[in-house]
Amino acid sequence: MSTMRISQLAERTGVPATTLRFYEGAGLLPAGRTPAGYRVYGEDAVDRLAFIGAAKHLGLPLDEIGELLGVWEAGACADVKADLWPRIAARLSESEQRLVELTAFTASLHAALEHLDALPDRAGRCGPECGFLSPAQPLAGPGGVEVTLSPSPQAAEQEGEIAEQEGKFAERGGGIAEQEGKFAERGGGIAEQEGKMAEREGGIAGQEGKMAEQGGEIAEQEGERWRSAPVACSLSGEGIAERTARWHQAIDGAHRTEIRDGLRLTLPAERVAEVAALAAAEQRCCPFFDFRFHLDAQDLHLEVRAPAGGAGLLADLFGPVA
């Protein structure tokens, strides 16, 4: 039976090697080993990854995919159908609930515009009667609708907890070191990336004051809170790997264009719900990311920005510009 190394399987299926390793750790994709310790896979791994990808597109979490794989391996199609039906029905219910929430959000935006139209044009500074209005209001392009996801109040509250989170990161040093190795492999330069990560971590305490001061000045000038947010993530090592795998799946095939402070990804418009949910989750744990959506006919243009200190993490999640 022919076998493939992990790089060959990644090239053949389009699934990044980091995701393949994560799937193995989650028990979804078993791998053999050569005498030298390298991972090897059989032809069945291609079909298995296709099944996992189809299940993920249906919104199934990894634990449910693992259960469904057991049924799929038994070979009875009727059993797979019977097991899959209630899972899809549950996801449909969740999707309909999100649609209700988006409808309510749309109504709140209309109300905000009405409130804005009703405000008097005053020469002085805004007062309490201006409500929640942000100083930065993005404009929609021709034929499109622009939506900016700013950090939520919960994300703002988390900024006060960053010091506590950093202490926890230190306790998870072993897991972080492993994740750094995986991130470095994704960039193709393990030694160079590990050196940069070590340098960044070693100097983070001294840089925090400078970053806070610089970020505060920029935020005051431009009204963008993400610029002054500390570059830190509240996810665990395993959580980072899973979130990275979900982003890679969601933006697979995207066209990337470099923009100031980040990049723009162009995707099919039907992915907007999945990408918006991921962006909202990302800001809850990493408030230094800024996401902006532009729906234009059949295309979704996602702009992602990060401060200079988060450029490496942005590249890890969303890839380099083609």
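The values are calculated or read from the model by the stated rules, or taken from the named source; none is laboratory data. These figures come from a predicted structure and were not determined experimentally. Note: ideal-geometry Cβ built from the backbone for every residue, glycine included; neighbour counts use all protein chains shown. Heads up: the accessible areas ignore ligands, DNA and RNA and are worked out on the full protein's heavy atoms, side chains in. Shrake-Rupley method; radii C 1.70, N 1.55, O 1.52, S 1.80 Å.
Hey, could you check region 235-289 for residues that are of a type in the set (Lys, Arg) and at pLDDT below 85 and say which is surrounded by the most Cβ atoms within 10 Å (Cβ to Cβ)? Restricting to residues being of a type in the set (Lys, Arg) and at pLDDT below 85, the top hit is Arg243.
Scanning region 50-107 for residues that are farther than 21 Å from Tyr23 by Cα, touching a Gly at 6+ places or on another chain (Cβ under 8 Å) and not acidic (Asp, Glu) returns Arg91, Ser95. In region 75-89 there is at least one residue that is out of contact with any Pro (no Cβ under 9 Å at 6 or more places or on another chain) and outside any helix (DSSP H, G or I).
Candidates Gly25, Gly14: the one that is out of contact with any strand residue (DSSP E or B) (no Cβ under 9 Å at 6 or more places or on another chain), open to solvent by 70 Å² or more (accessible area, probe 1.4 Å), at pLDDT 90 or above and within 20 Å of Ala241 (Cα to Cα) is Gly25. A search for C-beta distances below 9 Å between a residue of region 1-17 that is closer than 16 Å to Gly37 by Cβ and any residue that is part of a loop (DSSP other than H, G, I, E, B) and open to solvent by 80 Å² or more (accessible area, probe 1.4 Å), counting only pairs 6+ apart in sequence or on different chains, returns Arg5/Tyr38; Ile6/Tyr38.
On the basis of being closer than 27 Å to Gly27 by Cβ, open to solvent by less than 90 Å² (accessible area, probe 1.4 Å) and free of Cβ contacts under 8 Å to residues at least 40 places away in the same chain, does Leu116 make the cut? Taking the combined requirement at face value, the residue does not satisfy it. Scanning region 26-56 for residues that are under 24 Å from Asp83 (Cβ atoms) and without any contact (Cβ under 8 Å) to a residue 24 or more places away in the chain yields Leu29, Pro30, Asp44, Asp47, Arg48, Phe51, Ala54, Ala55.
When region 13-26 is filtered for residues that are farther than 17 Å from Gly239 by Cβ and in contact with a helix residue (DSSP H, G or I) (Cβ under 6 Å, 6 or more places away or on another chain), the ones remaining, listed by number, are Thr13, Val15, Pro16, Ala17, Leu20.
The number of residues in region 28-60 that are on the phi > 0 side of the Ramachandran plot and hydroxyl-bearing (Ser, Thr, Tyr) comes to 0.
Got a number for residues in region 269-322 being free of Cβ contacts under 8 Å to residues at least 40 places away in the same chain and acidic (Asp, Glu)? Going through region 269-322 one residue at a time, the tally reaches 3.
Among all residues of region 38-56, there is none that is open to solvent by less than 40 Å² (accessible area, probe 1.4 Å), more than 17 Å from Glu11 (Cα to Cα) and in a loop (DSSP other than H, G, I, E, B).
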